[in-house]
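Visitor: Structure in structure tokens, see below.
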Amino acid sequence: MRFVIIAGTPSSGKTSVMIHTIRHLLASNLSVAACKIDCLHTSDDERYRRLGIPVAVGLSDYICPDHFYVANLEEVECWAREQRADIVVLETAGLCHRCAPAVHGCLSVCVIDCLIGIDTPKKIGPMLSTADSVVITKCDIVSQAEREVFHNMVETVNPQAKIMDINGLTGQGAITLKNEIVRYNSLEGISGKELKYPMPAAICSYCSGETVIGKTYQMGNVKKVDFGGEN
């Protein structure tokens, strides 16, 4: 089974890109299962179900979606194998630019749109820099010059990744991602695989439900702003 992880910035078109890509996979007689991980609510599962494929949803609620995602990778793999899927697509919420969902042995895809700003690729962090493939959406809205500059910024952050343009509305370019998925190695099992980059730290008093502001109420992994000079 091939394990495909889709991450990216909010509203970049992750689900739309994968819907078009999955259609190409189904046309090649490959069985696909999809899992969407989000925070409080999602309706993306309804869009996946219209393709006639098995769909699962995980809502992290009060837990960081990155940590929730990692803690459930084995369960997602087990569920997908029960569905006899050739390919499992795991789309995770793109909430903070520090997200680090890439796993060795899984095809990691980062979806970003070229309307988010020229300097944004530098701010996205490991979600982009550790991806195997980068999908850029909404390229039809900007000029050729702007598109080339944005491509260059992405290549600066992740020179190893395959970069492709996909139109989330029409699906143009999605077959390129489909071919990347098909060419990727199958995964015998995700247990014991390693993240390409450590998850964001999330062990502090506020993680445990603290709501009062002040040093007296802070403990655990707490980081303070360096204002320079002597404290």
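What follows draws every value from the coordinates through simple rules; no lab data is involved. Note that the structure is a prediction, hence the values are computed from the model and not measured. Cβ: placed from backbone, ideal geometry, glycine included. Neighbour counts: every protein chain shown.
Visitor: What's the tally of Lys pairs in the chain whose alpha-carbon atoms lie under 15 angstrom apart, where the two lysines are 8 or more places apart or on different chains? Please list the in-between numbers first.
Guide: Details: Lys14/Lys36; Lys14/Lys138; Lys14/Lys178; Lys162/Lys178; Lys215/Lys223; Lys215/Lys224.
Counting lysine pairs in the chain gives 6.
Visitor: Find how much the distance from Thr176 to Leu40 grows on full extension, using 0.36 nm per residue of separation minus their present alpha carbon separation; answer in nm with one decimal. Don't jump to the answer; show the numbers that get you there.
Guide: Details: separation 136, 0.36 × 136 = 48.96 nm, distance 3.22 nm.
Net length gain for the segment: 45.7 nm.
Visitor: Leu59 versus Ser11, label points 7 Å from Cα toward the beta carbon: distance in nm?
Guide: Placing both labels 7 Å along Cα→Cβ, they lie 2.2 nm apart.
Visitor: Just the ratio, please: alpha-carbon radius of gyration of the range 32-71 over 2.2 N^0.38 Å, N its number of residues.
Guide: In units of the globular-protein estimate, the range 32-71 measures up at 1.20.
Visitor: Which residue, Asp44, Asp140, Asp132, tops the fluctuation ranking in a GNM of the chain built on C-alpha contacts under 10 Å?
Guide: Asp140
Visitor: Tell me, how many Å apart are the Cα centres for the range 1-55 and for the range 135-159?
Guide: If you average the Cα positions of each part, the centres end up 24 Å apart.
Visitor: While we're on this one: Counting pairs of alpha carbon atoms under 8 Å apart in space and at least six apart in sequence, what relative contact order in percent does the chain give?
Guide: Details: 402 pairs, mean separation 59.4, N = 231.
Worked out over the chain, it gives 26 percent.
Visitor: I've got another one for you. 5 Å is the cut-off here: which amide hydrogens, built 1.01 Å from N in the peptide plane, fall below it relative to Gly58, excluding neighbours closer than 5 in sequence?
Guide: Lys36, Ile37, Asp38
Visitor: Treating the Cα atoms of the chain as identical point scatterers in vacuum, please give the log10 of the normalised Debye intensity I(q)/I(0) at q = 0.13, 0.18 Å⁻¹, two decimals.
Guide: Results for the chain at q = 0.13, 0.18 Å⁻¹ read -0.79, -1.36.
Visitor: Right, another one. Most fluctuating residue of Ala34, Ala56, Ala102 in a GNM of the chain with Cα springs under 10 Å: which is it?
Guide: Looking only at Ala34, Ala56, Ala102, the biggest GNM fluctuation is shown by Ala56.
Visitor: Further question: How large is the helix-only mean residue ellipticity at 222 nm for the chain, computed as the sum of -39500 (n - 2.57) over DSSP H runs with n ≥ 4, divided by its residue count, in deg cm²/dmol to the nearest 500?
Guide: -8500 deg cm²/dmol
Visitor: Also, I was wondering about something else. Over the chain, with a Gaussian network built from C-alpha contacts below 10 Å, which listed residue (Val154, Val17, Val142) shows the highest mean-square fluctuation?
Guide: It is Val142.
Visitor: Binning at 10 angstrom from zero up to the longest distance, how are the C-alpha pair distances of the range 146-231 distributed in percent?
Guide: In whole percents, the pair-distance histogram is 11, 20, 23, 22, 20, 4.
Visitor: Separation between the Ser186 and His97 pseudo-spin-labels, each 7 Å from Cα along Cα→Cβ, expressed in nm?
Guide: In this crude label model, Ser186 to His97 measures out at 4.0 nm.
Visitor: Please work out the Cα convex hull volume for the range 100-188 and give it in Å³ per residue. Working shown, then result.
Guide: Values: hull volume 8.3 nm³, N = 89.
That works out to 93 Å³ per residue.
Visitor: Using a Förster radius of 25 Å, what is the FRET efficiency between Val70 and Ser31 based on their Cβ-Cβ separation? Nearest 0.05, please.
Guide: On the way: r = 25 Å, r/R0 = 1.01.
E(calc), rounded to 0.05, equals 0.50.
Visitor: Whole-Hz Karplus ³J(HN,Hα) for the range 210-226, in order, using 6.51 cos²θ - 1.76 cosθ + 1.60 and θ = phi - 60°, x for Gly and Pro?
Guide: So the Karplus estimates, Gly and Pro as x, are 5, 10, 8, 7, x, 4, 4, 9, 9, 8, x, 7, 10, 10, 10, 6, 9 Hz.
Visitor: If you don't mind, another one. Against the longest alpha carbon principal axis of the chain, how many degrees, from 0 to 90 and to the nearest 10, is the axis of helix 73-82 turned?
Guide: The two axes meet at around 20 degrees.
Visitor: While we're looking at this one, here's another question. If one takes the longest principal axis of the Cα atoms in the chain, at what angle in degrees, from 0 to 90 and to the nearest 10, does the Cα axis of helix 144-157 lie?
Guide: 60 degrees
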